[in-house]
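Okay, so here's the structure we're looking at.
The values are calculated or read from the model by the stated rules, or taken from the named source; none is laboratory data. Please read all numbers here as calculations on a predicted model, not as lab measurements. Cβ placement follows ideal geometry from the backbone for every residue including glycine, while neighbour counts extend to all protein chains displayed.
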Amino acid sequence: MRVVSTGGRSPPVDLRTALFEGLAPDGGLYMPERLDPLAEELREGLRGAAFSDVAEMLVGHLFEDQFSDSAMDTLIGALDFPVPLIELADGVRVLELFHGPTLAFKDVGARFMARLIAGYLEPGTAPLTVLVATSGDTGSAVAHAFLGVEGVRTVVLFPERGEHSAAEAVHHVGRQRDGSGRGRHVRRLPGDGEGGVCE
């Protein structure tokens, strides 16, 4: 998969480069250069399928043959919580993304991203530091997503004053240890200020 910047002034890059750079050199966000439509028979086959089956098919479609079967299982396994499609009214449905470990919709993207990054890390290389700024639920979702991911340490910047939910949630994630010390790679750093001071 090749990705391009929403800023329109950076050359296309591969997925690995985009993951490890974060933002494009022109300050834009990365997005796929193209998204091929699903064939009609594939779309029909998804109707009523389990979420894990839909996820596996879509990941395979988007990333083609970039990942081994075991890597695909790891990517799909990142979404190990319910993602129900709820019917609100006749013909109106909503996909609930807030059933993950931190109860934030960001669990879906953060956990998938963490497994993507882990799949590209070479054993024995220097640890990767993921820096995230938060004044709400982003920090805890990202910190939790990288729990137990070898070779990655997470630093969460949050405002020292104002909303305390960010500090409390990230503190809770950093303390999660199951005997393996999985939370040992999460660090919290308060910023001097309120709201978006860290961003």
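Among what's in region 104-141 and is aliphatic (A, V, I, L, M) and over 14 Å from the mean Cα position of the chain (by Cα), pick the residue that is nearest to residue 189 (Cα to Cα).
Restricting attention to region 104-141, the residues satisfying the condition of being aliphatic (A, V, I, L, M) are 104, 108, 110, 113-114, 116-118, 121, 126, 128, 130-133, 141.
When the remaining residues are screened for being over 14 Å from the mean Cα position of the chain (by Cα), the result is 121, 126, 128, 133.
Values: 121: 25, 126: 22, 128: 17, 133: 9 Å.
Ranking the candidates gives 133 first.
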Next item on the list: Scan region 49-67 for residues that are under 17 Å from residue 36 (Cβ atoms), among the polar types (S, T, N, Q) and without any contact (Cβ under 8 Å) to a residue 60 or more places away in the chain and report the count.
Entry: 0
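Anything in region 30-50 that is in a loop (DSSP other than H, G, I, E, B) and farther than 17 Å from residue 62 by Cβ? List them, or say none.
If the condition is that a residue be in a loop (DSSP other than H, G, I, E, B) and farther than 17 Å from residue 62 by Cβ, then 47, 48, 50 are the ones that fit.
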Check: Given the residues 126, 110, 141, which is the only one that is out of contact with any strand residue (DSSP E or B) (no Cβ under 7 Å at 6 or more places or on another chain), part of a loop (DSSP other than H, G, I, E, B) and modelled with pLDDT of 80 or more?
Finding: 126
Notebook entry, point to check: Checking residue 71 against (1) without any contact (Cβ under 8 Å) to a residue 40 or more places away in the chain; (2) surrounded by 13 or more Cβ atoms within 10 Å (Cβ to Cβ); (3) within 29 Å of residue 143 (Cα to Cα), which single condition isn't satisfied?
Noted result: (1)
Notebook entry, point to check: Across region 60-80, what is the number of residues that are at pLDDT 85 or above, assigned to a loop (DSSP other than H, G, I, E, B) and among the hydroxyl-bearing types (Ser, Thr, Tyr)?
Noted result: 0
